[in-house]
Amino acid sequence: MRRTTLIRAARQSELGDLARLEVQAGQLFHTVGMSEIADHAVDRQALRRSQRQGLIWVAEEGDRTVGYVIAAVLDGNAHIEQVSVAPTHARRGIGRRLIAHVERWGRRQGRPATTLTTFRDVPWNGPYYRRLGYRELPNAEIGRELTVTMRHEAALPGMDSSLRCAMIRFNGGVL
């Protein structure tokens, strides 16, 4: 029997659980030789800030949080900062539903597209987002705020910027 997944705004009291969930989900990076990425420390201040701004949504099944997504606005577009799904609930469409939630939120806000940054070739990153209708942005099309985000990410431990890309999906999926 498939459980119903509810997507709702994150509560401040859940932030510790979300940080643990992100660490658990990130362990998959060990399987592709990216141990520094897998072992990164969660920025709890950023989590608190995003939650206060109403930019974190959780996927809940029953009384259990099984995933979450953090959004922002960069260069006038909705932007997906983080998507994490509990390993026990992977490959059930929860990440896709969280991403679609941010896309709908962006459309309601009048945002023309949704962007994200990701590893180009890690199977559950770039290839996954391409299947969802995202395309890689050439450097010349990357906006100023997205560029700043990518520079910040490149400075994180274990982050090889040559393996990263920015991606975009326009509203309605039209490229």
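Key figures for this structure:
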item	result
Sequence-separation-based contact order of the stretch 5-173, relative, with Cα cut under 8 Å and 6+ spacing, percent	21
Gain on full stretching of the segment that runs from Ala19 to Arg64 - 0.36 nm per residue minus C-alpha separation	14.7 nm
Restricting the stretch 1-86 to trypsin sites (Lys or Arg not before Pro) in coil, as DSSP defines it, with at most 13 other Cβ within 10 Å	Arg2, Arg3, Arg11
Which label in (1) 49, 37, 28; (2) 45, 34, 27; (3) 45, 38, 32 gives the computed Cα extents along the principal axes in Å	(3)
Cα gyration tensor, the stretch 34-85 - rounded (a/c under 1.5), prolate or oblate	oblate
Shape category assigned to the stretch 1-79 from the gyration tensor of Cα positions, a/c cut at 1.5	oblate
Against the rule of thumb 2.2 N^0.38 Å, how large the Cα Rg of the stretch 77-123 comes out	1.25
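A short reminder: the numbers here are calculations on the coordinates, not readings from a lab. None of the values given here were measured: they were computed from a predicted structure. Every residue, glycine as well, gets a Cβ built from its backbone with ideal geometry; the counts of neighbours run over all protein chains shown.
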